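The structure appears below as C-alpha coordinates.
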Amino acid sequence: MSRSGKLAAVSILALFALQLAWRLWLAPPTQAAPWMLALWFSLPILPAVVLVLLRHRRAGFWGALAALLYFCHGVMLAWSAPEVRMLALAETLLSAVLVLSASWDGMRARFAARRAGKPAV
(Lines give C-alpha, C1' and ligand atoms only; values in the text may rest on other atoms or scores of the structure.)
Protein backbone atom coordinates (compact mmCIF):
# COMPACT_ATOMS: atom_id res chain seq x y z
CA MET A 1 0.00 0.00 0.00
CA SER A 2 1.30 3.41 -0.92
CA ARG A 3 1.78 6.28 1.50
CA SER A 4 -1.35 7.98 0.27
CA GLY A 5 -3.29 4.73 0.71
CA LYS A 6 -2.06 4.46 4.28
CA LEU A 7 -2.97 8.09 4.92
CA ALA A 8 -6.44 7.44 3.49
CA ALA A 9 -6.87 4.41 5.77
CA VAL A 10 -5.78 6.39 8.83
CA SER A 11 -8.10 9.24 7.83
CA ILE A 12 -11.04 6.84 7.49
CA LEU A 13 -10.46 5.42 10.96
CA ALA A 14 -9.92 8.89 12.43
CA LEU A 15 -13.11 10.22 10.87
CA PHE A 16 -15.04 7.24 12.23
CA ALA A 17 -13.55 7.74 15.69
CA LEU A 18 -14.32 11.46 15.56
CA GLN A 19 -17.98 10.77 14.80
CA LEU A 20 -18.29 8.40 17.74
CA ALA A 21 -16.36 10.61 20.17
CA TRP A 22 -18.23 13.75 19.10
CA ARG A 23 -21.69 12.30 19.69
CA LEU A 24 -20.88 10.16 22.74
CA TRP A 25 -18.40 12.24 24.81
CA LEU A 26 -17.19 15.54 23.42
CA ALA A 27 -20.53 17.23 22.63
CA PRO A 28 -23.38 14.78 23.27
CA PRO A 29 -26.83 15.81 22.06
CA THR A 30 -29.45 16.92 24.57
CA GLN A 31 -32.61 16.08 22.63
CA ALA A 32 -31.80 12.55 21.46
CA ALA A 33 -29.98 9.49 22.71
CA PRO A 34 -26.22 9.99 22.17
CA TRP A 35 -25.69 6.38 21.05
CA MET A 36 -28.42 6.76 18.42
CA LEU A 37 -26.87 9.86 16.88
CA ALA A 38 -23.38 8.36 17.12
CA LEU A 39 -24.61 5.38 15.13
CA TRP A 40 -26.49 7.57 12.65
CA PHE A 41 -23.55 9.87 11.95
CA SER A 42 -21.03 7.02 11.66
CA LEU A 43 -23.10 5.01 9.15
CA PRO A 44 -21.78 6.71 5.97
CA ILE A 45 -18.14 5.90 6.79
CA LEU A 46 -18.82 2.41 8.17
CA PRO A 47 -18.44 0.52 4.85
CA ALA A 48 -15.04 2.15 4.36
CA VAL A 49 -14.01 1.19 7.91
CA VAL A 50 -14.90 -2.43 7.18
CA LEU A 51 -12.93 -2.30 3.93
CA VAL A 52 -9.91 -0.82 5.74
CA LEU A 53 -10.04 -3.61 8.30
CA LEU A 54 -10.20 -6.15 5.45
CA ARG A 55 -7.30 -4.31 3.71
CA HIS A 56 -9.36 -3.91 0.56
CA ARG A 57 -7.91 -1.62 -2.08
CA ARG A 58 -11.19 0.27 -2.66
CA ALA A 59 -11.48 1.48 0.95
CA GLY A 60 -10.11 4.90 0.03
CA PHE A 61 -12.68 5.37 -2.71
CA TRP A 62 -15.64 4.56 -0.47
CA GLY A 63 -14.17 6.59 2.36
CA ALA A 64 -13.69 9.60 0.10
CA LEU A 65 -17.26 9.29 -1.11
CA ALA A 66 -18.53 9.42 2.48
CA ALA A 67 -16.06 12.19 3.30
CA LEU A 68 -17.83 14.50 0.88
CA LEU A 69 -20.90 14.34 3.14
CA TYR A 70 -18.80 14.94 6.24
CA PHE A 71 -17.04 17.86 4.57
CA CYS A 72 -20.35 19.58 3.85
CA HIS A 73 -21.59 18.86 7.37
CA GLY A 74 -18.40 20.20 8.94
CA VAL A 75 -18.43 23.41 6.90
CA MET A 76 -22.08 24.01 7.74
CA LEU A 77 -21.56 23.50 11.49
CA ALA A 78 -18.33 25.50 11.59
CA TRP A 79 -20.23 28.41 10.09
CA SER A 80 -23.42 28.15 12.15
CA ALA A 81 -22.64 26.52 15.52
CA PRO A 82 -19.81 28.22 17.45
CA GLU A 83 -20.06 25.77 20.36
CA VAL A 84 -18.86 22.89 18.17
CA ARG A 85 -16.74 24.87 15.72
CA MET A 86 -13.47 23.10 16.56
CA LEU A 87 -15.03 19.65 16.13
CA ALA A 88 -16.59 20.74 12.86
CA LEU A 89 -13.27 22.09 11.59
CA ALA A 90 -11.58 18.82 12.56
CA GLU A 91 -14.26 16.95 10.61
CA THR A 92 -13.72 19.23 7.62
CA LEU A 93 -9.94 18.84 7.75
CA LEU A 94 -10.08 15.04 8.06
CA SER A 95 -12.54 14.88 5.17
CA ALA A 96 -10.32 17.00 2.93
CA VAL A 97 -7.24 14.92 3.81
CA LEU A 98 -9.18 11.74 3.06
CA VAL A 99 -10.41 12.92 -0.34
CA LEU A 100 -6.95 14.15 -1.37
CA SER A 101 -5.09 11.08 -0.13
CA ALA A 102 -7.58 8.70 -1.77
CA SER A 103 -7.21 10.55 -5.07
CA TRP A 104 -3.46 11.15 -4.97
CA ASP A 105 -2.21 7.99 -6.71
CA GLY A 106 -4.69 8.38 -9.57
CA MET A 107 -3.89 12.05 -10.05
CA ARG A 108 -0.16 11.32 -10.02
CA ALA A 109 -0.55 8.56 -12.64
CA ARG A 110 -2.73 10.77 -14.82
CA PHE A 111 -0.28 13.66 -14.81
CA ALA A 112 2.70 11.34 -15.34
CA ALA A 113 0.98 9.89 -18.41
CA ARG A 114 0.24 13.38 -19.70
CA ARG A 115 3.91 14.36 -19.31
CA ALA A 116 5.00 11.19 -21.12
CA GLY A 117 2.66 11.96 -24.03
CA LYS A 118 0.43 8.93 -23.48
CA PRO A 119 -3.33 9.28 -23.37
CA ALA A 120 -4.67 9.11 -19.83
CA VAL A 121 -7.16 6.37 -19.15
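The values are calculated or read from the model by the stated rules, or taken from the named source; none is laboratory data. On a predicted model such as this, the values are computed, not experimentally measured, just so you know. Don't worry about glycine lacking a Cβ; one is built from the backbone with ideal geometry, like all the others, and counts go over all protein chains shown. Side chains are part of the model used for accessible areas, which takes the heavy atoms of the whole protein and leaves out ligands, DNA and RNA. Shrake-Rupley method; radii C 1.70, N 1.55, O 1.52, S 1.80 Å.
Data for the structure
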item	result
Å² per residue, accessible surface of the chain at 1.4 Å	67
Mean shadow area of the stretch 45-93, taken as a quarter of the surface of its Cα convex hull (nm²)	3.4
Computed over the stretch 69-121, Cα set: Rg, Dmax in Å	16.5, 52
Distance in nm between pseudo-label sites at L93 and R57 (7 Å out along the Cβ direction from Cα)	3.2
q = 0.14 Å⁻¹, the chain: log10 I(q)/I(0) [Debye, one scatterer per Cα]	-0.61
Fully extended contour minus Cα-Cα distance, from A113 to V10, at 0.36 nm per residue	34.3 nm
Extension gain from L43 to T30, taking 0.36 nm per residue of separation minus the Cα-Cα distance	2.6 nm
The chain - percent of accessible surface contributed by carbon and sulfur, probe 1.4 Å	71
Net lengthening on full extension, L68/S2 (0.36 nm per residue, minus Cα-Cα)	21.5 nm
